[in-house]
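Undergrad: Structure incoming, see below.
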């Protein structure tokens, strides 16, 4: 029996409120031997107070040594086995621009490219076309009609856009058309089974019409398609945990990931302060609140230790407003580590603190990697965060008599 | 998807060097309540310095409470699920004498025994014949020819020797011929399927010819066969991790275990100092180096606490020579615990320290069981050591986008 089957059976409902505050890429490293991490360097009195009240630990997001992308990191934190539920490239690209994929959708990553008179690719990225130039072209492709299907086109960035085919019985086992080379024409998409052949036919028709619509373009007169993918078939927070869940985020990617597990995206905040405004506004309407803060990751990715420290301090500053709502359970963590030293996501486990009346005190005096390493929650796989939160919220029945 | 599938997908190559220094049976116990373990007693300034620089933890080799044999202990440390990849007795015996088993080989553990005039066993161990007496007899059996197969015979020790049948389509589901009793004749080998019946026929023919060759012997005039086994079908370090791996060991068993996972056995050192000489000589030719030190286990098996302490001190003394090579990642651990107090392998988890630029400091001041228990790597299953080493070497791509 897997974890979700167990939780489907054991969960019950009550009027508790659970808040999951996520600082993206929270975990870090010291820049020099003997130094402190970003989290250990930051002045963060509110987070430290949470550590003194609650129980701390370290989460392994996927498996030891495995560095999570944003998709797998969030799915794991949401309690979904990230190796079982893999989000294909096309689906992640659509999710990343906030497109809410339905069960009958196949999403595809597309690149504008440059074709010569013989239809051979001369530039796989259409001369690195700017977003300002490419977005109107993507929108122009919305004119494309394919019998029996709905087609959606969304600009992404520079030469990239995403196409979604919506219809009954479309498969996603379709080969890429990008030959990964210049001097040759794009490949034809090929479906591995009847459902995917249907998708491949739609893709061919899309490409045919797109070539006509783009014929006047000097650079972006063609396109390639990669990573055909349906969204993974995942049960919702409501089904598995019995939770009405709200997602509060600034960036489309995280709204999209939350939607994949059935959370409702609320508000359209553009800063952390506005995110907490939204939290206050919708407090009575949900049981569970995922609040996402992006900039700890961004500054880590920049390799900017001091800026990441400041972002942690900004994150710390909103904790009192969250506590004022009197959540039954508050958890603070990240979806992966992004040490400034590495300027990238990493495999290092992520500190987590849970605060609830039922927490066992563990002597942690601060919220940090080194304190959490010896915390009461120990080292655990991230998929167990959700059962811990449900337990502290009194939302899980006893297993067996 | 299992761990190896994931690592096949995620590994990449670079010019990093990884060293895995193994002190066999490293973990221990205090002899008296309130005492220290062998590792805690030893003067080991170099290992302690590694603990201050790196991240420590405790590895569970198989599962909590399960004591590993040398085979499963090493396989786990090498990242191979020791429950999935079981090495049959015959294959382990052949491996233990340094015989490189191929994919078409079936290995069998054999005992010389004494038969009476009616062919009944009177002594299952041929009067505990000495190695000096039995080895020439095993070598005499190399005269045996079996049509369509190659046959190899290797002396082991005292009454034990090993036979390897090599040929296409040989199975290893063959019953033992040792009746585990005296006063009865050896059993006929029986194959459970056509491939194994072919092996059983070869075994019968081997026994027939051996009886003729041994007819002049007073004690060792017969033999029994047990533990027919092919080598487990394991992917190599190159396939799974993308590593060119070298194994440096004194004892045949550990060379054999390393060969099973595709490491290349280099040099023929006869001491730890010579092992490090070999390490220095082959440094430019490989990505990964497994260096095995036997005597910590031997002295633990003897129940000789003080001698095991001295072996740990000898092991400590070569660390500076390893560090002088500037490995990107250095890990020090054991394949299991061998507490002198128990004079045997044990299930206790094994301390491990990883040193690399990307280690998160954990406050450990020494390399010991009690310090590692609170280390930054936490308590983890040994099969995750390899992904951690690959990660620290920058040899793993991010999982998902």
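The values are calculated or read from the model by the stated rules, or taken from the named source; none is laboratory data. Being a predicted model, the structure only gives us computed values, none of them experimental. FYI the Cβ positions are ideal-geometry reconstructions off the backbone, even for glycines, and counts take in every protein chain you see.
Undergrad: One residue is enough: does region B:315-331 have a residue meeting the conditions within 14 Å of chain A (Cβ to nearest Cβ) and in contact with a helix residue (DSSP H, G or I) (Cβ under 7 Å, 6 or more places away or on another chain)?
TA: Yes, there is a match, as at least one residue in region B:315-331 is within 14 Å of chain A (Cβ to nearest Cβ) and in contact with a helix residue (DSSP H, G or I) (Cβ under 7 Å, 6 or more places away or on another chain).
Undergrad: Go through the residues of region B:350-365 one by one and say whether even a single one is without any contact (Cβ under 8 Å) to a residue 24 or more places away in the chain, more than 22 Å from the chain's Cα centre (by Cα) and farther than 30 Å from residue A:37 by Cα.
TA: Checked region B:350-365: no residue is without any contact (Cβ under 8 Å) to a residue 24 or more places away in the chain, more than 22 Å from the chain's Cα centre (by Cα) and farther than 30 Å from residue A:37 by Cα.
Undergrad: Got a sec? Which of A:92, A:10, A:101, A:50 is over 27 Å from residue B:383 (Cβ atoms), more than 11 Å from every other protein chain (Cβ to nearest Cβ) and modelled with pLDDT under 95?
TA: It is A:101.
Undergrad: Filter region B:346-368 down to residues that are farther than 24 Å from residue B:11 by Cα and at the interface with chain A (Cβ under 8 Å from one of its Cβ atoms), then give me how many there are.
TA: Adding up the residues that qualify gives 3.
Undergrad: Next question, about the same structure. Is it the case that some residue within region A:276-290 is out of contact with any strand residue (DSSP E or B) (no Cβ under 9 Å at 6 or more places or on another chain), within 13 Å of another protein chain (Cβ to nearest Cβ) and under 18 Å from residue A:22 (Cα atoms)?
TA: no
Undergrad: Would you mind telling me which numbered condition in (1) over 21 Å from residue A:273 (Cα atoms); (2) in contact (Cβ under 8 Å) with a residue 40 or more places away in the chain residue A:316 fails?
TA: The one condition residue A:316 does not meet is (1).
Undergrad: Separate question: Any idea which of (1) modelled with pLDDT under 95; (2) in a loop (DSSP other than H, G, I, E, B); (3) within 28 Å of residue A:79 (Cα to Cα) is the one residue A:181 doesn't satisfy?
TA: For residue A:181, the exception is condition (3).
Undergrad: Also: Looking only at region B:382-394, decide whether some residue is over 18 Å from residue B:12 (Cα atoms), surrounded by 18 or more Cβ atoms within 10 Å (Cβ to Cβ) and touching a residue at least 40 places away in the same chain (Cβ under 8 Å).
TA: For region B:382-394, residues over 18 Å from residue B:12 (Cα atoms), surrounded by 18 or more Cβ atoms within 10 Å (Cβ to Cβ) and touching a residue at least 40 places away in the same chain (Cβ under 8 Å): present.
Undergrad: Right, next: Kindly provide the set of residues from region B:243-256 that are surrounded by fewer than 24 Cβ atoms within 10 Å (Cβ to Cβ), at pLDDT 95 or above and part of a loop (DSSP other than H, G, I, E, B), ordered by number.
TA: B:244
Undergrad: Moving to a separate point now. Can residue B:148 be described as touching a residue at least 40 places away in the same chain (Cβ under 8 Å), surrounded by fewer than 19 Cβ atoms within 10 Å (Cβ to Cβ) and in a loop (DSSP other than H, G, I, E, B)?
TA: Spelling it out, it is not the case that residue B:148 is touching a residue at least 40 places away in the same chain (Cβ under 8 Å), surrounded by fewer than 19 Cβ atoms within 10 Å (Cβ to Cβ) and in a loop (DSSP other than H, G, I, E, B).
Undergrad: Check whether at least one residue in region B:36-44 is farther than 20 Å from residue B:344 by Cβ and within 14 Å of chain A (Cβ to nearest Cβ), and report yes or no.
TA: No: region B:36-44 contains no residue that is farther than 20 Å from residue B:344 by Cβ and within 14 Å of chain A (Cβ to nearest Cβ).
Undergrad: Restricting the search to region B:369-392, which residues are at the interface with another protein chain (Cβ under 7 Å from one of its Cβ atoms) and part of a loop (DSSP other than H, G, I, E, B)?
TA: B:374, B:376
Undergrad: Right, another one. Which pairs have Cβ atoms under 7 Å, sit 6 or more apart or on different chains, and link a residue in region A:197-221 that is free of Cβ contacts under 8 Å to residues at least 40 places away in the same chain to one that is surrounded by fewer than 16 Cβ atoms within 10 Å (Cβ to Cβ)?
TA: Hits for this filter: A:198/A:169; A:200/A:190; A:204/A:188.
Undergrad: From A:163, A:151, A:156, A:190, grab the single residue that is touching a helix residue (DSSP H, G or I) at 6+ places or on another chain (Cβ under 7 Å) and modelled with pLDDT under 95.
TA: The unique qualifying residue is A:156.
Undergrad: (1) crowded, with 23+ Cβ neighbours inside 10 Å; (2) in a helix (DSSP H, G or I); (3) under 14 Å from the mean Cα position of the chain (by Cα): which one isn't true of residue A:259, the others all being true?
TA: (1)
Undergrad: For region A:279-293, which residues satisfy the criterion of being surrounded by fewer than 19 Cβ atoms within 10 Å (Cβ to Cβ) and either without any contact (Cβ under 8 Å) to a residue 60 or more places away in the chain or part of a strand (DSSP E or B) (or both)?
TA: Once the filter is applied, which keeps residues that are surrounded by fewer than 19 Cβ atoms within 10 Å (Cβ to Cβ) and either without any contact (Cβ under 8 Å) to a residue 60 or more places away in the chain or part of a strand (DSSP E or B) (or both), region A:279-293 yields A:280, A:281, A:282, A:284, A:285.
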